[in-house]
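Asks: One structure coming up, written as C-alpha cells, with questions to follow.
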C-alpha cells in the first residue's frame, strides 16, 4: 500500500503546524520523520491515520490491501494506549471485537500476535504488571492482530529505556523482514531512524515543512556491520546538521514567545 | 563546619568508621491498624468515666453503657429492625432513582456537547439548593407518604451523580479513545469498552458521596413526616427526653454509614482491581 500526501497544511486555530507537505510513501518502504518538537510530526501521522482532519491538502492511499487485513492503516502509539482494566489478550482482542470473525479465527489472531511478541505467558496479565517494553509489545501484537497494510508509529520507543529500545528495534526489523509492511515512523531519535528507515524526512521547525528527504543507501540488514558505519555516520552527520539548526531556531522562538 | 554538613566529610567519616546518619525518614503514610480502635476505646472510656463521676448529666449525655443497653433493647423489642427496614427501603429506592437518572444525564453531558451546554448551567443552579427545603413542596406534589421521601432522596442524589459522571467521563484518557477510533471501533463499542470502564472510578467515588447524602436526607425526611424510620425514631426519643435511646439511634446511623462505606469499598476492590 502506498501513501500519497499532497500539499498538506494543518492549522490549530491560528497556529499553522504543517505547511505544504508533499510526500509519497512507497509500498513496503519505511519512512522516518524527524524534526524539532512541535514541528507537526505527530499531527502528520494523525492525518495519515485519519484521526486528525487536515485543514487543506489531500492524503490518499493506493494499492492492494492484503488478505485478512482488518485495519489497513494501523497505529502503534508512544504511550502504548492499552486499556488498564483489560488483560494482555483482551487488549489485543479489543480491536477484533467489532469484526465478523469466527471465534477460532479471533483466537488464532490473538494467539499468533502474542506468541510472536513473546507474550504468551503473560496473556492473562494486566498492563500494570508489565514493563514498558512488554506493554509496547502488546501494542505491536494488537497492531499485528488486524494484519495491517501500513503502520504509523508515533515515537514508539521514546518512553522506553535504551536496552528495551534496542530489543524492540530488533523486533521491528524482524517484523518488517517478514511482513514488508509500509511504515511511517515518527521519532526524535536519529539512531532509530538510521537503523530502521529507508528514507528520512527532516521537517523544519513550526510550521513543519520538508527540509530534506535523505535516502539511506545501506540495506537495513547490513547496518549493524562495521563496513556500513562510515556511510551511516555520514548520513547521521547530515541529519544532525539539519536537525540542529532547526531545533536551535525553534528553541529561540519558544524563548521569545 | 560540622562533619555532617561538610561535603568532604564522607571519606573522613568512613576512614574513622563513623556510620552515615540516616536522614530519609518521615513524610510517608504508615498503617496503624490499631490506632483507630484504641482512639475509640479511649474516647468511650473517657465518656463513661465522665458520666460515672457525675461530670456529665446522664439526662443530657447518657454514658455509653446506657446507650449500649438502649441499643440491646431496640434489638430485643424489634424496633431496630422495624425502623432500619423503613429507612433502608427509602434509601434504596431514592438512591437508585437518583443514581439512575443522574448517570443517564451525566453520560449525556459527558458525551454530547449540546447536552453539556444545556446541562451545566442547570446543574449549577439546582445543585446548591438544600434538598430538604424542597420536601414540603414534594409533600404537596406527592403527599405525606413514601413518594415525597423518595423524591427528596432521589433529587439529592441526582445532582452529585450527574457531576461525578460527566467529570469521570472527562477523566477518561483521550489517547484510549483515539486508539479505538484508529482501529475503527464503532461508537457504541468505544462507549462500552472504553468510556464506561474508564469512567467507573469517578462514578464509584460519586457513589460514596451520594450514599452519605442519601443517609442525611432520609433522616431529615423521616423527621418531617414518618411513623417508622431511624430519623422518626431519633426524633421521637428526643421528644420523650430518652437521650440514651436517641444516641442508640444515632449509633445505628453511624454503623449504617460504615456498612454502606464498606460495601462500596468492596465494590471498588472488585471492579477496580486493575488500578
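Asks: To two decimal places, what compactness ratio does segment A:26-126 give when its Cα radius of gyration is scaled by 2.2 N^0.38 Å?
Replies: Normalised Rg, Cα atoms only: 1.30.
Asks: To continue, here is another question. How many nm is it between the label spots at residue A:16 and residue A:170, if each spot is 7 Å from the Cα in line with the beta carbon?
Replies: With each label point 7 Å from Cα toward Cβ, the separation is 4.6 nm.
Asks: Related question: Determine the relative contact order of segment B:64-271: mean sequence separation of Cα pairs under 8 Å and six or more apart, normalised by residue count, in whole percent.
Replies: It rounds to 27 percent for segment B:64-271.
Asks: Now for a different question. Evaluate the protein assembly as shown: find the radius of gyration of its Cα atoms, find its Kirkwood radius, and give the ratio Rg to Rh. Display every interim value, and only then the final one.
Replies: Details: Rg = 32.7 Å, Rh = 28.9 Å.
With Rh from the inverse mean 1/r over Cα pairs, Rg/Rh is 1.13.
Asks: Let me ask something else about it. Show me A:2-15, B:230-243 ranked by packing, highest mean number of other Cβ atoms within 10 Å first.
Replies: My ranking of the peptides, most packed first, is B:230-243, A:2-15.
Asks: On to the next question. Find the percent of Cα-Cα distances in segment A:162-257 that exceed 22 Å, and round it to a whole number.
Replies: 36
Asks: If packing is taken as the average count of other Cβ atoms within 10 Å, what order do A:127-136, A:71-80 fall into, highest mean first?
Replies: A:71-80, A:127-136
Asks: Kindly give the semi-axes, whole Å and largest first, of the ellipsoid equivalent to chain B, taking each as the square root of 5 times a Cα gyration tensor eigenvalue.
Replies: Numbers: eigenvalues 368, 293, 48 Å².
They are 43, 38, 15 Å, listed largest first.
Asks: Can you tell me the Rg and the Dmax, both Å, for the Cα atoms in segment B:137-275?
Replies: In Å, with Rg to one decimal and Dmax whole: 20.3, 69.
Asks: Relative to the first principal axis of the alpha-carbon coordinates of chain A, what is the inclination of helix A:229-256, with its axis defined by its Cα atoms, in degrees from 0 to 90 and to the nearest 10?
Replies: 70
Asks: Separation between the residue A:124 and residue B:44 pseudo-spin-labels, each 7 Å from Cα along Cα→Cβ, expressed in nm?
Replies: Rounded to a tenth, the inter-label distance reads 4.3 nm.
Asks: If R₀ is 51 angstrom, what is the calculated FRET efficiency for the pair residue B:122 and residue A:131, using the beta carbon separation as r and rounding to 0.05?
Replies: Details: r = 47 Å, r/R0 = 0.92.
Efficiency, rounded to the nearest 0.05: 0.60.
Asks: Give the Cα extents of segment A:170-212 along the principal axes, in whole Å, largest first.
Replies: Projected onto its principal axes, the Cα set of segment A:170-212 covers 36, 18, 13 Å.
Asks: Computed over the Cα atoms of segment B:159-224, what is the ratio Rg over Rh, Rh following Kirkwood?
Replies: Ratio of gyration radius to Kirkwood radius: 1.22.
Asks: Ok, one more. Grab the alpha carbons of segment A:56-205, take their convex hull, and tell me the volume per residue in Å³.
Replies: Considering the Cα atoms of segment A:56-205, their hull volume per residue is 144 Å³.
Asks: Separate question: Please report Rg (one decimal) and Dmax (integer) in Å for the Cα set of segment B:202-275.
Replies: 15.3, 52
Asks: How are the C-alpha pair distances of segment A:85-170 spread across 5 Å bins, as whole percents from the shortest bin up?
Replies: 3, 15, 26, 24, 20, 9, 3, 1, 0
Asks: Another question, if that's okay. If you fit an axis through the alpha-carbon atoms of helix A:132-145 and take the longest principal axis of the Cα set of chain A, what angle between them do you get, 0 to 90°, nearest 10?
Replies: On a 0 to 90 degree scale, this one is about 70.
Asks: To the nearest µm²/s, what D does Stokes-Einstein give for segment B:18-82 at 4 °C and 1.567 mPa s, using the Kirkwood radius over alpha carbon pairs as Rh?
Replies: 83
Asks: Would you mind checking segment B:74-108 for residues with the amide N under 18 Å from a putative spin-label position 7 Å along Cα→C-beta of residue B:205?
Replies: Counting only backbone N, you get B:103, B:106-107.
Asks: Sticking with this one: Stokes-Einstein diffusion coefficient for segment A:116-159 at 20 °C in a medium of 1.002 mPa s, Rh from the Kirkwood formula over Cα pairs: what value in µm²/s?
Replies: 189
Asks: Can you give the percent of C-alpha pairs in segment A:33-87 whose distance is more than 16 Å? Don't skip to the end; give the middle numbers.
Replies: Working: 893 of 1485 pairs.
So the portion of pairs separated by more than 16 Å is 60 percent.
Asks: While we're here: How many angstrom lie between the C-alpha centres of segment B:109-123 and segment A:1-72?
Replies: Segment B:109-123 and segment A:1-72 have Cα centres spaced 34 Å from each other.
Asks: Provide the FRET efficiency to the nearest 0.05 for the residue B:272-residue A:229 pair, computing r from the beta carbons and using R0 = 56 Å.
Replies: 0.65
Asks: Helix A:162-179 against the longest principal axis of chain A: what's the angle in degrees, Cα atoms only, rounded to the nearest 10?
Replies: 70
Asks: Quickly rank B:169-178, A:99-108 as a protection proxy: mean count of other C-beta atoms within 10 Å, highest first.
Replies: My ranking of the peptides, most packed first, is B:169-178, A:99-108.
Asks: What whole number of Å gives the distance from the Cα centroid of segment B:43-83 to the Cα centroid of segment B:177-213?
Replies: Segment B:177-213 and segment B:43-83 have Cα centres separated by 46 Å.
Asks: In addition: At q = 0.15, 0.18 Å⁻¹, what is the log10 ratio I(q)/I(0) for chain A, with the Debye formula run over Cα points and no solvent?
Replies: After summing over all Cα pairs, the log10 values are -1.12, -1.45.
Each value in this text was obtained by applying a stated rule to the coordinates, not by laboratory testing. Note that the structure is a prediction, hence the values are computed from the model and not measured. We place every Cβ from the backbone using ideal geometry, glycine too, and count neighbours over all the protein chains shown.
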